[in-house]
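The values are calculated or read from the model by the stated rules, or taken from the named source; none is laboratory data. As the structure is a computational prediction, the values presented were derived from the model and not from experiment. Neighbour counts are summed over all protein chains in view; Cβ atoms, including those assigned to glycine, are modelled from backbone coordinates with ideal geometry.
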Amino acid sequence: MSVITPRKKFVLTKIAKLATATLIVVIFLTACGSSEANQADTTQPENSTLSEPTAETASAYPEATTPLPSETPEAPPATQLPPQASVAPSTVAPSTVAQPTASTAATTTPPPTTTATSSPATSSPPTTTTAVTSPPAPPTTTSPPTTTTTTAPAFPRAPKLGLQPLYKFDSGPLSMAVHPADTDSEVLYFALRDGRVFSLKDGESQIIIDMRQEIIIENIFDELGLTGIVFSPDGNFLFTNSVTIDAADQHQYGWTGFIYEWPVALNAEGIAEISGERRLVLAIPQPFPTHNGGDIAFGPDGMLYIPVGDGGSAGDPLESGQNPQTLLGTILRINPNTDGEGQLGQGNAYRIPPDNPFADGFHMGVAGAPEVWIYGARNPWRISFDSETGDLWVSDVGQNIWEEINLLPADSGTGRGANLGWNIYEGTNRYDGDNDIQLSNHTLPVWEYEHGPGLCSITGGYVYRGTELSGYDGVYIYADYCGREIYGFEPLIAHQQIAQLPAASNPASFGRDNSGELYVMLLDRNQEDLDGWVYKLVTATPES
């Protein structure tokens, strides 16, 4: 047996302590290595897909103003990709493409018409919500009217449309009319913003009315000028709607809207000519040079309907929309035949139809002017009646977020006494989120869409009832002044892009002839005087 001496004991103790220290170091290093490995597993690499969002993923649309047919930006975008719809059609959009058809009537070369191949055949309609699905209305607000829609042919399967150029004017065309005796629509009549009314037959035009000396437009972006024309149902008169600086200073404001009646007779060529002195039917003082409405139409009842804007400036500062005692922010209904029934109106120049909602001064406990048929409108730039059903369609230009289409069915009174909601509502949406006013008679729009690229100011049109455009019977056709698209809408069936307009043009208005065929009037943004083209909507020639 060996003996452990003190020196050996000392050496063994040193060896043991060293081994223990070494073991501790190994364990510590192992633990550190494991921790670093775990951290490496959870740290995001620099090229990770979870990196910070880019500008492309930011908010889709910038804030937009609400220009009307005379206050639009310098030029519309060259192309627009419609944003995704919130309520998409249940069927696939057509795959046929639109190509312009050559015109034999045009007297000058039109701007190139962009075919539908420049945008996807299945492009989605603009961002929209419908009052049918989820209107954010207060509990006391009425539901939108029930509508009857055509069942065949199915609108979403209809081919896209092309444009046939007809004529170019040196001032912007804003309204179109056809004499009721012209069953073949051989002569079309156009109102130009500068105050002239032209007839157009076989590619030849001639002036039948010239009001240029009294149509004063100091600013190209003001919404002034000759904006509407219509023939009386018997064809004996042509009515005009114009808004201008009131040079005679007849009223408290600097601008006035004038409704004139012009006696007409057909000449040997079937063209209407002025046959006597004009008559002032109605004068409407305007507090601002904007939001003047501008259309004029006879309804199936033979009464004259006149849409009037809220008078202008943003947000309706005079609160005209919810005050039917003023003629502003309304659609008026009068009988220009003074031999008719009802009390005489302004200047004894027309009659108040006895069935007007405010004919006796009150309707549903609300006081109103006897001429008022509908109120709560902001700027109903275009209205139209369905020639088959008699339904009234109102396209009301919005403030800065929403554009809306209102449908007032004939079988529900054609909107008698309806309140479209402005300025408490912009479409189905609260305009002023701080107010808690409840509207017991608010009529909701049947369609609305949000501002976005090429979407800022609705240009209302017509329900198609012609025979040349297969698949579009019963479809409401409209556009947006800030874009280059024409859209079709049919309640509960579909909404889709159906045609594309030429570059650098703005759709200011639509027209309808006696056969039910439709026309679109474009303003040329390349010209400072806003000259423009007239096109006819035609079936496009498919690509071979």
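So how many residues does the stretch 165-195 have that are more than 23 Å from Asp234 (Cα to Cα) and either assigned to a strand (DSSP E or B) or touching a Phe, Trp or Tyr at 6+ places or on another chain (Cβ under 6 Å) (or both)?
Residues that pass the stated criteria total 8.
Would a scan of the stretch 471-487 turn up a residue that is in a strand (DSSP E or B), of a type in the set (Ser, Thr, Tyr) and farther than 23 Å from Gly421 by Cα?
Yes, the conditions are met somewhere in the stretch 471-487.
Given the criteria surrounded by fewer than 16 Cβ atoms within 10 Å (Cβ to Cβ), out of contact with any Pro (no Cβ under 6 Å at 6 or more places or on another chain) and modelled with pLDDT under 95, does Asp316 qualify?
no
In the stretch 475-493, is there at least one residue being farther than 20 Å from Val463 by Cβ, surrounded by 20 or more Cβ atoms within 10 Å (Cβ to Cβ), touching a Cys at 6+ places or on another chain (Cβ under 7 Å) and not hydroxyl-bearing (Ser, Thr, Tyr)?
Among the residues of the stretch 475-493, at least one is farther than 20 Å from Val463 by Cβ, surrounded by 20 or more Cβ atoms within 10 Å (Cβ to Cβ), touching a Cys at 6+ places or on another chain (Cβ under 7 Å) and not hydroxyl-bearing (Ser, Thr, Tyr), which makes the answer yes.
Please verify whether Ile271 is under 26 Å from the mean Cα position of the chain (by Cα) and at pLDDT 95 or above, treating the condition exactly as stated.
no
In the stretch 277-380, which strands (runs of 3 or more DSSP E) lie fully inside it and hold 1 or more residues that are within 30 Å of Ala265 (Cβ to Cβ) and without any contact (Cβ under 8 Å) to a residue 60 or more places away in the chain?
Of the strands (runs of 3 or more DSSP E) lying wholly inside the stretch 277-380, those with at least 1 residues that are within 30 Å of Ala265 (Cβ to Cβ) and without any contact (Cβ under 8 Å) to a residue 60 or more places away in the chain span 279-286, 330-334.
Pro263 passes all but one of (1) in a strand (DSSP E or B); (2) in contact (Cβ under 8 Å) with a residue 40 or more places away in the chain; (3) surrounded by 14 or more Cβ atoms within 10 Å (Cβ to Cβ); (4) over 23 Å from the mean Cα position of the chain (by Cα); which number fails?
The one condition Pro263 does not meet is (2).
Condition test on Phe198, is it more than 23 Å from Gly312 (Cβ to Cβ) and crowded, with 24+ Cβ neighbours inside 10 Å?
no
Please verify whether the stretch 238-251 includes one or more residues that are polar (S, T, N, Q), closer than 16 Å to Leu327 by Cα, touching a residue at least 40 places away in the same chain (Cβ under 8 Å) and not in a loop (DSSP other than H, G, I, E, B).
Yes, because at least one residue in the stretch 238-251 is polar (S, T, N, Q), closer than 16 Å to Leu327 by Cα, touching a residue at least 40 places away in the same chain (Cβ under 8 Å) and not in a loop (DSSP other than H, G, I, E, B).
Limited to the stretch 208-225, what total is found for residues that are within 27 Å of Tyr481 (Cα to Cα), surrounded by fewer than 17 Cβ atoms within 10 Å (Cβ to Cβ) and over 28 Å from the mean Cα position of the chain (by Cα)?
Residues flagged as within 27 Å of Tyr481 (Cα to Cα), surrounded by fewer than 17 Cβ atoms within 10 Å (Cβ to Cβ) and over 28 Å from the mean Cα position of the chain (by Cα) within the stretch 208-225 amount to 3.
How many residues, within the stretch 488-532, are more than 16 Å from the chain's Cα centre (by Cα), modelled with pLDDT of 95 or more and part of a strand (DSSP E or B)?
3
Considering only residues that are under 21 Å from Trp393 (Cα atoms), of a type in the set (S, T, N, Q) and surrounded by 23 or more Cβ atoms within 10 Å (Cβ to Cβ), which ones fall in the stretch 501-519?
Ser509 - this is the single residue of the stretch 501-519 that is under 21 Å from Trp393 (Cα atoms), of a type in the set (S, T, N, Q) and surrounded by 23 or more Cβ atoms within 10 Å (Cβ to Cβ).
What tally of residues in the stretch 439-460 results from selecting those that are more than 9 Å from the chain's Cα centre (by Cα) and either without any contact (Cβ under 8 Å) to a residue 12 or more places away in the chain or within 17 Å of Glu490 (Cβ to Cβ) (or both)?
Number of matching residues: 3.
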